[in-house]
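Enquirer: Below is one structure. I have some questions about it.
The values are calculated or read from the model by the stated rules, or taken from the named source; none is laboratory data. Being a predicted model, the structure only gives us computed values, none of them experimental. Note that we place each Cβ from the backbone using ideal geometry, even for glycine, and neighbour counts take in every protein chain shown. Quick note on the areas: whole protein, heavy atoms, side chains included, nothing else; ligands and nucleic acids left out. Shrake-Rupley method; radii C 1.70, N 1.55, O 1.52, S 1.80 Å.
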Amino acid sequence: MNDLSKLKVSSSPHIRSASTTQQIMADVLIALLPALALAVFVYGPRALTVTMISVLGCIFFEWLYETLTHKPLTIDDLSAAVTGLLLAFTLPVTTPIWIVLLGDLFAIVIVKQLFGGIGKNFVNPALSARAFLLASFAGPVSVIPKIRTALPLFTTPVDVVTTATPLIQMKDGALPEVPLLQNALGMVGGVIGELSSVALIAGGLYLLYRKVISPRIPLCFIGTVALLTFLFPQGNNNLLWMGNQVLSGGLLLGAIFMATDYTTSPITPKGQIVFAVGCGALTVLIRYFGTYPEGVSYAILVMNLFVNLIEKFTLPRRFGTVRQKKEAQGK
């Protein structure tokens, strides 16, 4: 007879990983540092100030909510810090501090904690807060200052010289005035986290090396946008139009760091492809036909709502099961 004395009986999950939430979130923070450094280089210390206030604000609101509701404190898992950093990355450097903190409150309390905390929110907290702020304070969160502009650290800047982003220029069917390489390096105006495509790609490669994310969602998301903008350009140069569409705005930030969120993206390989292609198609649709020049945030949020449905139709068949035949008509 087989020796069953060594058989270990335990509750699920039976497959475990040595990685912790804290380690994963720490890797995401590290991966975002190159983009933050570039933003500080382009916009000065205020970029760091806005980012740090957003991070501290999210940590504070998570601590406050869990303290008042007598729940276990989870601020040490660094998920609130990641939310704060990503939210700051979707905002212009001139955003008033009180608006940043209001976004932190919305992201942590309304989107995350009221639905049960980490792992239970059904939409991305940072992108939800970004959408809320854009709907409520469209003026302040749409001001893009010219690069190398001297900005105060804490007070709201006034009389700022604004600049048209590449996406705004392409909204009118014209190619951006800046060269494609300059766009990729981040020497153009934009929100804090979308300036340098090179920095964001470097962060994405780090996450791939650390096996925090899979390349499936970023590649399918970016590839869909690239294919559609190449096949249906609004400019007179297919390749340049596609390149600027891919490297401009929040596409790389969204595809690498937000669409890959564990909680709000599918877990099945086929589901991830469907999700990413949907994000890419909606991004192009909004950029081309919407009133707002950017579509990444709303595309991801819309596809977040379909994750459960996508997983339902893309779950692999369980081993050993047989599909039931449809009953004959009339029975």
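Enquirer: I'd like to check one number: the per residue accessible area of region 152-263, probe 1.4 Å, reported in Å² as a whole number. Could you put the intermediate results ahead of the total?
Expert: On the way: 5220 Å² over 112 residues.
That works out to 47 Å² for each residue.
Enquirer: Evaluate the distance, in nm, between pseudo-label points positioned 7 Å from the Cα of Leu68 and of Ala135 along their respective Cα→Cβ axes.
Expert: Between Leu68 and Ala135, the simple spin-label model gives 2.2 nm.
Enquirer: Can you compute the helix-only [θ] at 222 nm over the chain? Use -39500 (n - 2.57) per DSSP H run of at least 4 residues, normalise by all residues, nearest 500 deg cm²/dmol.
Expert: Values: 13 runs with 168 residues, N = 331.
Helices in the chain give a 222 nm mean residue ellipticity of -16000 deg cm²/dmol.
Enquirer: Continuing with the same structure: How do the peptides 305-316, 71-82, 244-255, 185-196 rank, highest first, by the average count of neighbouring beta carbon atoms within 10 Å per residue? Show your work: numbers first, answer last.
Expert: Numbers: 305-316: 13.7, 71-82: 17.6, 244-255: 26.0, 185-196: 24.2.
Output ranking for 305-316, 71-82, 244-255, 185-196: 244-255, 185-196, 71-82, 305-316.
Enquirer: Starting at the first residue of region 136-152, write each ³J(HN,Hα) from the Karplus equation 6.51 cos²θ - 1.76 cosθ + 1.60 with θ = phi - 60°, in whole Hz, x for Gly and Pro.
Expert: So the Karplus estimates, Gly and Pro as x, are 8, 9, 4, x, x, 9, 10, 7, 10, x, 5, 5, 6, 8, 6, 10, x Hz.
Enquirer: For Thr162, list long-range residues whose amide hydrogen, built 1.01 Å from N in the peptide plane, is under 5 Å from its own amide hydrogen.
Expert: Correct list: Lys146.
Enquirer: Another one. Number of Lys pairs in the chain with C-alpha atoms less than 26 angstrom apart, excluding same-chain neighbours closer than eight positions?
Expert: So the count of such lysine pairs works out to 16.
Enquirer: Give the carbon-plus-sulfur fraction of the accessible surface of the chain in %, rounded to a whole number; probe 1.4 Å, heavy atoms of protein chains only.
Expert: Values: 11610 of 17470 Å².
In the chain, the share of accessible area belonging to carbon and sulfur is 66 percent.
Enquirer: Using 20 Å bins from zero, what percent of all Cα-Cα pairs in the chain falls into each bin?
Expert: 30, 54, 14, 3, 0
Enquirer: Please work out the C-alpha center-to-center distance from region 200-252 to region 275-308 and express it in whole Å.
Expert: 14 Å
Enquirer: For region 34-160, what mean projected area does the convex hull of the alpha carbons give, in nm²?
Expert: Details: hull surface 30.6 nm².
Hull-based average projected area comes out at 7.6 nm².
Enquirer: Now for a separate question. Each residue of region 87-98 in order: what ³J(HN,Hα) in whole Hz does its phi give by Karplus 6.51 cos²θ - 1.76 cosθ + 1.60, θ = phi - 60°, with x for Gly and Pro?
Expert: 5, 4, 5, 9, 10, x, 5, 8, 4, x, 4, 5
Enquirer: Once the piece of chain linking Ile75 and Ala37 is laid out straight, how much longer is it, given 0.36 nm per residue of separation minus the C-alpha distance between them? Mind showing how you got there, number by number?
Expert: Working: separation 38, 0.36 × 38 = 13.68 nm, distance 2.44 nm.
Full-extension gain reported as 11.2 nm.
Enquirer: Debye sum, Cα scatterers, region 188-331, no solvent: what log₁₀ I/I(0) at q = 0.09, 0.10, 0.14, 0.17 1/Å?
Expert: Treating every Cα as an identical point scatterer, log10 I(q)/I(0) equals -0.33, -0.40, -0.68, -0.93.
Enquirer: Hey, with R₀ at 45 Å, roughly what FRET efficiency would Leu285 and Thr20 work out to, going by the Cβ-Cβ distance, to 0.05? Each step should come with its number before you reach the end.
Expert: Details: r = 38 Å, r/R0 = 0.85.
Approximately 0.70, to the nearest 0.05.
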